Amino acid sequence: MLDLQRLRALHAVSVHGSVGAAASALGFTPSAVSQQIAKLERETRAVLLERAGRGVRLTPEAYQLVAVAEELLALVERAESELEERRGTPAGRLTIAAFASAARGLLPGVLADLAVRHPAMDARLSEVDPHLSVGMVAKGAVDMSVVHDWDIAPLPLPPGVEQVLIGEDRCTLLVPQGHPFAGRDSVRREDLGGERWVCQPPGRVCHEWLVRTLRTAGHEPEIVHQAEENPTMVALVAAGLGICLMPRLGRGPLPAGVVEVALDPTPVRRLYALWRTGAAQRPAIAETARALREHWLRLEDRRRDTPV
């Protein structure tokens, strides 16, 4: 008899790519996950993980079990959803993946609200890149994800995944105090040529948006500094080393020496909550989606009091 928890551990390794990442997602230690998989190997009399450099690689037998695990976990999820729906109140564990600025600027308030309103519900957050978290929802590795897309890069949804719009996050230019743009109400995209840019690395949506937008306006962007974290980008702008484009969500107060300027037309990214179709009737999903939208509207109200 195959043990569901051991299959869940193997499934998590396949989704997250390593034993350590799977352990973090499941809330276990890496040793506990390794022990679960070792027991599964003994039960199936098959090698499931092989060393690959510093990590591991799933064997063909492992992928066969992962496919079965996805089906079983989907059945368990449906049963849990139906029971929760019959009770009519949000309950049980709900795992949420969110990109960095949403995890910082939106989710803390949402999670605190859910904990007070629904003590029988155990919502847990992991910070994950949007392009990874979509697959995690589809495969059942998390219950919900908070993602974003831009007009130039719509986020495709796999079959069996539903979405709801949380809100739209506008982006602005951040420039050093004393920069020619600092005294202007707004800047048109055609005026951005010849600037030195601070930007996220290639492969990130913000980077691709900047490159495509400037090229469309007839400019080749000169990206002189690259950083993953928004605070690092802001610090580089404050030091007078370039300008950057940054969404407002999760940005935090700007330090002295940095001026926010509107870009005309304003770039906008859309935020969505995603979940699997089989979990759509689960009260915990519906309540979390409500809380996300409610807290987003509160953030919008505060932003109107401090316009660009």
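Numbers for the structure displayed
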read-out: Student exercise, the range 47-154 dipole from Lys, Arg, Asp, Glu Cβ charges, in Debye to nearest 20; value: 340
read-out: Extension gain from Glu300 to Glu61, taking 0.36 nm per residue of separation minus the Cα-Cα distance; value: 81.0 nm
read-out: Theoretical ellipticity at 222 nm over the chain - DSSP helices of four or more residues, -39500 (n - 2.57) apiece, nearest 500; value: -14000 deg cm²/dmol
read-out: Shape category assigned to the range 133-239 from the gyration tensor of Cα positions, a/c cut at 1.5; value: prolate
read-out: Debye, to nearest 20: dipole size of the chain, +1 on Lys, Arg Cβ, -1 on Asp, Glu Cβ; value: 400
read-out: Cα gyration tensor shape for the range 67-129, rounded if a/c is under 1.5, else prolate or oblate; value: oblate
read-out: Spherically averaged projected area of the chain from its Cα convex hull (nm²); value: 18.1
read-out: HN-Hα J in Hz across the range 98-108 - Karplus 6.51, -1.76, 1.60, θ = phi - 60°, x for Gly and Pro; value: 9, 6, 4, 5, 6, 4, 8, x, 10, 5, x
read-out: Cα-based shape type of the range 1-110, given that a ≥ b ≥ c are square roots of the gyration tensor eigenvalues and the cut on a/c is 1.5; value: oblate
read-out: Separation of the Arg184 and Glu43 label points, Cα + 7 Å toward Cβ, nm; value: 6.4
read-out: Asp3-His131 FRET efficiency (beta carbon distance; Förster radius 35 Å; 0.05 resolution); value: 0.65
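Just so you know, all these numbers are worked out from the coordinates, no wet-lab data involved. Quick caveat: nothing in here was measured; it's all calculated off a predicted structure. Because the Cβ atoms are built from the backbone with ideal geometry, glycine has one as well, and the counts that use them run over all protein chains shown.
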